[in-house]
Amino acid sequence: MKLTQYGSNSILIQLKEVIDPEVNETVSWLNSKLEMMPEIVYTIPAYNSVTAVFNPGKISFDVLKNRIKSWESKEKKNTISSKEQRSFRIPVCYEEKFAPDMEEVCSYTSLTSEQIISLHTSTPFKVYMIGFIPGFPYLGKLPDQLRCKRKENPRKQVPQGAVGLAGSQTGIYPAQAPGGWQLIGNSPVPPLNLAEQNPFLFRMGDTVRFYPISASEHSTIATGFSKGQITEKEFYE
Amino acid sequence: MNEIVLTFKKPGLHTTVQDLGRLGYQNVGVPLGGVLDRQAAKNANYLVGNPENTPVLEITLIGPEITFNTDCEIAITGASLSPQLNDSLIGNHQLISIKKNDVLSFGKPVSGCRAYLAIAGEWQVTTWLGSASASSFSPELLTPDSLIKKGSTLSILAGKSKTSRNKINKRTPHADILRVRVVPGPEFEGFSRLTIAHFFSAGHIITQDSNRMGYRLGTKLKGGPGNYEMISSGIIPGTIQVTNEYKPIILLADAQTTGGYPRIANVIEEDLDSLAQMKPGSELWFSLA
């Protein structure tokens, strides 16, 4: 664990330079401890790092650094209770109209679209971090056969709900945004639902499994959400 | 209480409602947002007797034209954008009494990039996650009142505050060439000596392709990219990333919360306000704090 001063009032905790579930669990654990400290203004947990901005009127960099070091030596990181570990089953329509990059992914991976869908729906993914735009889950890791490059020319507008691949990651766009991920489907379950008091569907550490649906099922679920007849609770496992 | 209504005949170049930002949601990817020159915004609220986190208008280079429906008290701080009340020039950094049907407009930008307009009272604007700051993401949906357009109106309930002041001590300096102090960034050691030497020994022009998310600098740094791929990690205001084209970007309040470009340095907190007053086309130099 490397602790460095980052800017004037922030500490950066860097763990092993890998995308790895255990390393990421240590990030979650450190982040939850930091979030409980009144001296911390906000945190940004990521794959293998935590940025924590502190109030310099309440704590100094050195005191904070020593406190974090003392956690490492004294405690095991099994403090994340099982109730915080949530699992989701999220429907995705992989039909052609939602999968503009399926052909490109097929040729890059030498797989058929059926094989791609089967691999994407049979792998449990972990939410490694939330970033890029509010509520965007970085999910991983993809099976090695599914790894693919980002698009050479990013799209100016990726539609809301789009499910994409990039490197060893997959993700769902919470809103229309520019983006370079390879799009293979679309989910009608919104990762950012402004009708909810807590609008963010996913948290770091959640498990997500995808299952395939038809375009008509997609439209039924999407309509249900927009009318407030369906909530995200139906997708907890 | 008396309702003050502002009507915008002209919106200006980029006029938004901002407060001190959306703290605490950066763990779910929400940009911080909020005024870029915090000292200037706090000064404006101080002058009119508002709490410091009251919203203000952040006015960028070309100001709006505003009609007031009733009497109220205002103050303008930050950039000098030639404010005029009914066609007479007025000054920054003072309490100004507005009368019913007065028109506030702005003229030639003289110095600085962002002016702040505070109005005494409680702002009746939509907030998202506890902040009225215009969201950089889906603003029409999340903070519809905070993105000023032609014909927009803003409503403020006039307070009874009599604590307005007429003096402020600390003002953000404005310059066309500025030296800002930085500390080494997390990936500083990964850059070559040639790159680091170039970074510290040249003036960097702020390009036109700059906004509240970040200042893109025109310099192509010597030395070429380092040879490692970075795993996305946190970004804070003042972080300087170096892109694949080997050009620096200074990230500001509306930047996304994580990024995958190496971070060469961070502008220190004390210099972020004066940085925010730099216009595209002006020149920045970096020195180690």
Compute the separation of the alpha-carbon centres of the range B:210-274 and the range A:10-32 and state it in Å as a whole number. 22
Run the dipole for chain B about the Cα centre, Lys and Arg Cβ at +1, Asp and Glu Cβ at -1, nothing else charged, and hand back the magnitude in debye, nearest 20. 460
Can you pull the Rg over Rh of the range B:88-181, Cα-only, Kirkwood? 0.98
Taking amide hydrogens as modeled 1.01 Å from N in the peptide plane, which residues meet the under 5 Å criterion relative to B:Ile62, leaving out close sequence neighbours? B:Leu13, B:His14
Could you give log10 I(q)/I(0) at q = 0.12 Å⁻¹ for the range A:86-235, computed by the Debye formula over C-alpha point scatterers of equal weight, without solvent? -0.44
Whole-number percent relative contact order across the range B:3-157, with pairs defined as alpha carbons under 8 Å at least 6 apart: 33
Can you flag which of A:Lys97/A:Lys233; A:Lys65/B:Lys42; A:Lys16/A:Lys141; A:Lys227/B:Lys150; A:Lys97/A:Lys151 are past 22 Å Cα-Cα? A:Lys97/A:Lys233; A:Lys65/B:Lys42; A:Lys227/B:Lys150
As a footprinting exposure proxy, order B:Ser210, A:Ser187 by other Cβ within 10 Å, with the fewest listed first. B:Ser210, A:Ser187
Which is farthest toward the positive dipole end of chain B among B:Ile148, B:Gly218, B:Gln94, measuring Cα position about the Cα centre, with Cβ charges +1 (Lys, Arg) and -1 (Asp, Glu)? B:Gln94
Does anyone have the angle between helix B:38-48 and the longest principal axis of chain B? Alpha-carbon axes, 0 to 90°, nearest 10? 10
Across the range A:138-145, in residue order, what do the Karplus-derived ³J(HN,Hα) couplings come to in whole Hz, using 6.51 cos²θ - 1.76 cosθ + 1.60 with θ = phi - 60° and x for Gly and Pro? 8, 9, x, 9, 6, x, 3, 5
Treating only Lys and Arg (+1) and Asp and Glu (-1) as charged, each at its beta carbon, one finds that the protein assembly as shown has a dipole about its Cα centre, in Debye to the nearest 20, of 1000
Can you tell me which aspartates and glutamates have their Cα less than 19 Å from the Cα of B:Lys10? Leave out same-chain residues fewer than eight positions away. B:Glu58, B:Glu65, B:Asp87, B:Asp102, B:Glu140, B:Asp145
Neighbour-count ranking [beta-carbon atoms within 10 angstrom, fewest first] of A:Ser219, A:Ser113, B:Ser201, B:Ser80: B:Ser201, A:Ser219, A:Ser113, B:Ser80
Rounded to one decimal in nm, the spacing of the 7 Å Cα→Cβ label points at B:Glu245 and A:Ser87 is 4.7
Assuming R0 = 45 Å, can you tell me the calculated FRET efficiency for the pair B:Ser192 and B:Ser111, based on Cβ-Cβ distance, to the nearest 0.05? 0.75
dims of the range A:2-80, Cα set, principal axes, largest to smallest, nearest Å -> 35, 24, 18
State log₁₀ I(q)/I(0) for the protein assembly as shown at q = 0.07, 0.09, 0.11, 0.13 Å⁻¹ as given by the Debye formula over alpha-carbon point scatterers of equal weight, solvent excluded. -0.43, -0.72, -1.04, -1.32
Tell me, rounded to the nearest percent, the portion of alpha carbon pairs in the range B:142-289 spaced more than 27 Å apart. 33
Farthest positive-ward along chain A dipole, Cα basis, beta-carbon charges - from A:Ile117, A:Val50, A:Pro38: A:Pro38
Please give me the summed charge of the neighbours of A:Ser219: other residues whose Cβ is under 14 Å from its Cβ, Lys and Arg +1, Asp and Glu -1. 0
Taking the Cα centre of the range B:177-288 as origin and charging only Cβ (+1 Lys, Arg; -1 Asp, Glu), how large is the dipole, in debye to the nearest 20? 320
Among A:Phe125, A:Phe225, which comes first, then next, by fewest other beta-carbon atoms within 10 Å? A:Phe225, A:Phe125
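Only the coordinates and a few stated rules stand behind these numbers; no lab work does. Since the structure is predicted, the reported quantities are computational estimates derived from the model, not experimental observations. Virtual Cβ from ideal backbone geometry, glycine too; neighbours counted across all protein chains shown.
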